[in-house]
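K.L.:
Sending over a structure as structure tokens; questions will come in a sec.
The values are calculated or read from the model by the stated rules, or taken from the named source; none is laboratory data. Computed from a predicted model, the values in this text were never measured in an experiment. Neighbour counts run over all protein chains shown; Cβ positions are idealised from the backbone, glycine included. What goes into the accessible areas is simple: the full protein's heavy atoms, side chains included, and nothing from ligands, DNA or RNA. Shrake-Rupley method; radii C 1.70, N 1.55, O 1.52, S 1.80 Å.
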Amino acid sequence: MTEQEINRAIQYVTASTSYGKDMVAEILHIGLGELVTLATQSSRQFDRETLLEYVSQWTIRQTGQPEPLVREVLGCAGRWLDDLYEEVAQRRPESLGLSPNDDEDSASV
């Protein structure tokens, strides 16, 4: 995910919620960053819901923000989380429990 894509997500979430840009940026940078780190360093298999729950809990702990706020921001950024999940699935399908031969239909998130 490029910085430009992250900035688009920040702008979208800020416009869609009542939260400030700095708060949204912190939550998304931490949440998306952990998703990338987990995907590139973990050999465990995760389904989408488990991965989203982990990223939510990690972001809550790292930011100190209330759970409903973090979940709303990450939920609002769901499109970007799904895009990132799909990108990881294409690069490292085994880390998400997919076989390298699975097609895009099997990797739906």
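K.L.:
Which of the residues spanning the range 1-12 are of a type in the set (A, V, I, L, M, F, W, C) and either open to solvent by 60 Å² or more (accessible area, probe 1.4 Å) or touching an Asp or Glu at 6+ places or on another chain (Cβ under 9 Å) (or both)?
P.N.:
Of everything in the range 1-12, just one residue is of a type in the set (A, V, I, L, M, F, W, C) and either open to solvent by 60 Å² or more (accessible area, probe 1.4 Å) or touching an Asp or Glu at 6+ places or on another chain (Cβ under 9 Å) (or both), namely M1.
K.L.:
Sticking with this structure for a sec: Filter the range 15-53 down to the residues that are free of Cβ contacts under 8 Å to residues at least 24 places away in the same chain, open to solvent by 80 Å² or more (accessible area, probe 1.4 Å) and among the small types (G, A, S) and list them by number.
P.N.:
If the condition is that a residue be free of Cβ contacts under 8 Å to residues at least 24 places away in the same chain, open to solvent by 80 Å² or more (accessible area, probe 1.4 Å) and among the small types (G, A, S), then A15, S18 are the ones that fit.
K.L.:
If you don't mind, there's one more thing I want to ask. Could you look through the range 54-68, keep only residues that are under 13 Å from the mean Cα position of the chain (by Cα) and open to solvent by 50 Å² or more (accessible area, probe 1.4 Å), and pick out the one that is nearest to D82 (Cα to Cα)?
P.N.:
The residue in question is Y54.
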